[in-house]
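Please read the structure below before turning to the comments.
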Amino acid sequence: MKRYFEFVDNGLSEDELLEMANVTDESTGINDVVLWIGPNPTSHGKRIKVSNIPNKISSSDLFTITIPDMNIIGDVNSKFITKSKLDDIKKFITINLQLIEDYSEYKITTKRFLDNLKSI
């Protein structure tokens, strides 16, 4: 059996961008950070993508946080994603983990997902 990290491509395909919801500070309470959350390809475990660029959706300059274990895969722009900001991202994930998992498994709609997120 292959492990999760053997499948990781740290970019986002066009199909993934269409499937995943981009979530900004309006929903997270984390200034300038853009997260992509959503259904994951079956070859991947559940994960969240985090943009390394403030307030910008970047399909190539990002890193991955696996859930629920919160391992970091890829390069983190530590000038922007400081330890404090990364801790806030993990706190947001923890608070919303069940909702994120339900959305990732197509158990709820995008609207229900976005409407029920709790910011930090």
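Listed by Cβ neighbour count within 10 Å, with the fewest neighbours leading, Ile120, Ile37, Ile30 appear as Ile120, Ile30, Ile37. For the residue pairs Lys49/Lys79; Lys79/Lys111; Lys56/Lys107; Lys79/Lys118; Lys49/Lys83, alpha carbon separations beyond 21 Å are given by Lys79/Lys111; Lys56/Lys107; Lys79/Lys118.
Estimated translational diffusion coefficient (Stokes-Einstein, Kirkwood radius over Cα pairs, 25 °C, 0.890 mPa s) of segment 20-120: 183 µm² per second. Charge tally for Asp25 (other residues, Cβ to Cβ under 15 Å; Lys, Arg +1; Asp, Glu -1): +1.
Only the coordinates and a few stated rules stand behind these numbers; no lab work does. All of these numbers come straight from a predicted model, not from anything done at the bench. FYI the Cβ positions are ideal-geometry reconstructions off the backbone, even for glycines, and counts take in every protein chain you see.
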